[in-house]
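Worksheet for the structure shown next.
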Amino acid sequence: MRVLTGIQPSGALHIGNYFGAIKQMKDLQNSSDLFIFIANYHALTSSKESGALKANTLDAAINFLSLGIDPNKSTFWLQSDVKEVLELYWVLSSFTPMGLLERAHSYKDKVAKGISANHALFSYPVLMAADILLYDSQIVPVGKDQIQHVEITRDIAIKFNNIFGDILTIPEFKVDENVATVPGLDGAKMSKSYGNTIDIFCSQKELKKATGKIVTDSTPLEEPKYYEDCNVFALAKLFLDEDGIEELKERYKRGGEGYGHFKIYLKELIWDYFEPARQKREYLLKHSDEVRDILRDGAKKARVIAVEKMEIIKDKVGILC
Ligand code: ADP
Ligand code: TRP
């Protein structure tokens, strides 16, 4: 089963990203043929500072490798290293009705927010369709905001197949309903746009500061506390096994410890959990040439499929080879 996912290189990762997406990708490496790439051409639609885009791209690769994406278990590459994706993007553009793109929520939302639209932002879903269809992807795991993009991909592929026969694999999107929303410091969904995140690779001092800011009620230290709606508990739970969760519940119920104690405990849980990833990251930051090589090797594997697929597609649509 080929599962494909693209990651926008967009800065620091927080623990909501880890428990909401990255951990599932790690599991998928063991249970499927996982294709995973850094969508740097997509990021170009919103990033106009070349130094920042290059740095963010490398940073994203380093972060995902540090957190457990394993190039021996998955195909991990940089979108721009497989040039065939842009060829397919153009071919698919010729089979994409304007109305389909005009209905795209993410484009409409951005325009409504006053972001000045360029053509790439408008045709973003066609490049995403090319990403998916070039590799005969069967499943595309997505957050809810990306469902429509996979639906657009399906519409384009069905239209293409109606003309040329069964050439493109029609993908399915998969939203993991079991993934709980990780709360941020204020209890709302953790998100970079709300400024309520705990970043995975922050310093110990920053981690202490962030966990110290988690909103709690004001139950006095000696009294029992409700763990049910406590943000500190909800976050700590992510890092604990069943026994650990039971022990922490007991500590809440017993009283005699304040939220300050639980916050320090949480800080330690987070710090220890990501220690191996931090060490790997330290190493990769110093050996970015190795990271580039990993991405190139991944692209080589992905290109074998891409080149073959493009030959079939070009032949079908009438491009003389
Ligand atoms: P942000 O909201 O910080 O901009 P993104 O939209 O870049 O995060 O999310 C990247 C991935 O991480 C998506 O798959 C998304 O579903 C997941 N994710 C982000 N925040 C959370 C959260 N608080 N809880 C669970 N999953 C999350
Ligand atoms: N649009 C996706 C996002 O913003 C990133 C992406 C690009 C993608 N191409 C993809 C995701 C193909 C899945 C499949 O998160």
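Miscellaneous remarks
- Relative to the Cα centre, the charge distribution of the chain, modelled as +1 at Lys and Arg Cβ and -1 at Asp and Glu Cβ, gives a dipole magnitude of about 840 debye.
- Net charge, Ser203 excluded, C-beta distance under 13 Å - Lys, Arg +1, Asp, Glu -1: +3
- Most positive-pole-ward Cα, Gly6, Thr219, Phe122, against dipole of the chain from beta carbon charges: Phe122
- Under DSSP loop assignment and at most 10 Cβ neighbours within 10 Å, longest trypsin sites (Lys or Arg not before Pro)-free interval of the chain: 114-321
- Charge dipole (Cα centre; +1 on Lys/Arg Cβ, -1 on Asp/Glu Cβ; no other charges) of the stretch 202-273 amounts to roughly 460 debye.
- Between Lys253 and Ser203, the contour length at 0.36 nm per residue exceeds the alpha carbon distance by 14.8 nm.
- Where only C-alpha atoms are counted, convex hull volume of the stretch 144-303 per residue in Å³: 169
- Gln24-Cys321 FRET efficiency (beta carbon distance; Förster radius 30 Å; 0.05 resolution): 0.15
- Over the chain, the reciprocal of the mean inverse Cα-Cα separation, the Kirkwood hydrodynamic radius, stands at 21.6 Å.
- Scaling the Cα radius of gyration of the stretch 202-273 by the globular reference 2.2 N^0.38 Å produces a ratio of 1.04.
- Rounded to the nearest 20, the Cβ-based charge dipole of the stretch 1-106 about its Cα centre (Lys and Arg +1, Asp and Glu -1) stands at 160 debye.
- Environment charge at Ser46 (Cβ cut-off 14 Å; Lys +1, Arg +1, Asp -1, Glu -1): +2
- Inter-label distance for Met1 and Tyr226, nm, one decimal - labels placed 7 Å from Cα along Cα-to-Cβ: 3.9
- With all protein chains in place and a 1.4 Å probe, the accessible surface of the stretch 202-273 carries 49 percent carbon and sulfur.
- Each part reduced to its alpha carbon centroid, the stretch 114-173 and the stretch 197-240 end up 40 Å apart.
- Mean accessible surface per residue for the chain, computed with a 1.4 Å probe while every protein chain stays in place, in Å²: 51
- Multiplying the residue separation of Asp166 and Tyr273 by 0.36 nm and removing their Cα-Cα distance gives an extension gain of 33.9 nm.
The values are calculated or read from the model by the stated rules, or taken from the named source; none is laboratory data. Because the structure is predicted, anything quoted here is derived from the model rather than measured. Counting neighbours? That spans all protein chains shown, and the Cβs are built from the backbone with ideal geometry, glycine included. Quick note on the areas: whole protein, heavy atoms, side chains included, nothing else; ligands and nucleic acids left out. Shrake-Rupley method; radii C 1.70, N 1.55, O 1.52, S 1.80 Å.
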